[in-house]
Amino acid sequence: MKTYRCQCGVRLHFENTRCMSCQHELGFLPDDRTLSALAPLGDHHWQALENGSRYRKCRNYEQHHVCNWMVPEYDPHAYCFSCRLSEIIPDLSNPDNLVAWGLIENAKRRLLYSLMWLELPIINREQDPQSGLAFHLMEDQGYSEFAQALPVQDLVFTGHRNGIITLNIAEANPVSREQTRAHMNENYRTLLGHFRHESGHYYWDVLLRHSPRIEEFRSLFGDERIGYADVMQGYYDNGPVANWQTNWISGYASAHSWEDWAETWAHYLHMIDSMETANDYGFDLLDASARLPSRQQFSVDYLASISIHDLVNEWSHFTVALNDMNRSMGLPDAYPFVLTDAITQKLAFVHSMIIDQN
């Protein structure tokens, strides 16, 4: 993700709500995909100094300070484009839920930023009540130190169904999330990772379910018509297939072709978002021998102009440095993955599906 510049020249970041230099309040403008300093106009209206247009703050910005997105003056909705997608939110009478909700909404907005600049269709339930995109951010009904002790009907399972992405808000608790990550023997588990993965299921329905490329998908990822519930139960009972690292980006991806697609989709979003950040800070992503521009502007046009192999090469150079930086701080590798030829072929398929729909 790129950063922004305040009208006073200071660098701004995606989640910022105030410039610490000039003290202007800030708002993200979804229509322009930029963060702007704001000038008050009275009656809850603001002028964005970036483009001169008039906006209102999202109600969740004004009331709860868990959002920094703006609503164009002509838009009758009280909530911004992102917050309107959250059909269910946690009980805010619990102050811990307010904190968790804020963290979750931040991650969700980062997902939406990527989907928007990739120009992927984002159809909400107002537009498509049957299968439009929506988010249910929910908590288990009852308390238990270990979720397994609660009756199944009282548990909230993170997942996707018919356009609805459900997230258990316990994932916003870093201790709980790390315990789950260790229990599941995962290398990586984050709120943003959850959203990117589940968005992959949504876009499988949107881009692939009725696509003429479905047989190509099956040749790479496997046949999705194989019984999902049975194979997933087998994964939870027995773990991933032997030597899964050769063909799958994660052990979980080996469970079923839908999960393989969603994990690969999420990984592609990890790559392009991190590389846009590196590009924004002026990092040289390629070694000198490649003789390609090191500060190429990231855009859909740029992605369309580069092969997946060049993209993966750029990514590989960057992640070696990224992991070494983490090790210098005594932290685990930021990128605990290995890209084989088989995985790169799957990334190429995701890459082409995104580019071809534009």
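The values are calculated or read from the model by the stated rules, or taken from the named source; none is laboratory data. None of the values given here were measured: they were computed from a predicted structure. Note: ideal-geometry Cβ built from the backbone for every residue, glycine included; neighbour counts use all protein chains shown. Ligands, DNA and RNA are stripped out before the accessible areas are found, and what is left, the full protein with its side chains, is counted by its heavy atoms. Shrake-Rupley method; radii C 1.70, N 1.55, O 1.52, S 1.80 Å.
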Calculated from DSSP H runs of 4 or more alone, at -39500 (n - 2.57) each and per residue, what is the 222 nm mean residue ellipticity of the chain, nearest 500?
-12500 deg cm²/dmol
Hull surface divided by four, with the convex hull built on the Cα atoms of the range 1-125: how many nm²?
8.2
Taking the range 58-129, which chymotrypsin sites (Phe, Trp or Tyr not before Pro) meet the DSSP loop condition and have no more than 12 other C-beta atoms within 10 Å?
74
Given the protein chains as shown and a 1.4 Å probe, how many square angstrom of residue 109 are accessible, to the nearest 10?
10
Roll a 1.4 Å probe over the protein heavy atoms and report the accessible area of residue 108 in Å², nearest 10.
0
Solvent-accessible area per residue for the chain (1.4 angstrom probe, square angstrom)
50
Nearest-5 percent of antiparallel DSSP beta bridges in the chain?
70
How long is the chain along each principal axis, judged by its Cα atoms, biggest number first, in Å?
62, 59, 47
What list of ³J(HN,Hα) couplings, whole Hz, do you get for the range 56-70 from phi and the Karplus terms 6.51, -1.76, 1.60, once you set θ to phi - 60° and write x for glycine and proline?
10, 6, 4, 4, 6, 6, 5, 8, 10, 6, 10, 8, 10, 8, 9
For residue 190, residues with placed amide H under 5 Å, excluding near neighbours
none
Percent accessible area from carbon and sulfur atoms, the chain, protein chains only, probe 1.4 Å
50
For residue 165, what residues show an amide H to amide H distance below 5 Å, using hydrogens built from the backbone and excluding near sequence neighbours?
134, 135, 136
5 Å is the cut-off here: which amide hydrogens, built 1.01 Å from N in the peptide plane, fall below it relative to residue 12, excluding neighbours closer than 5 in sequence?
4, 5, 6
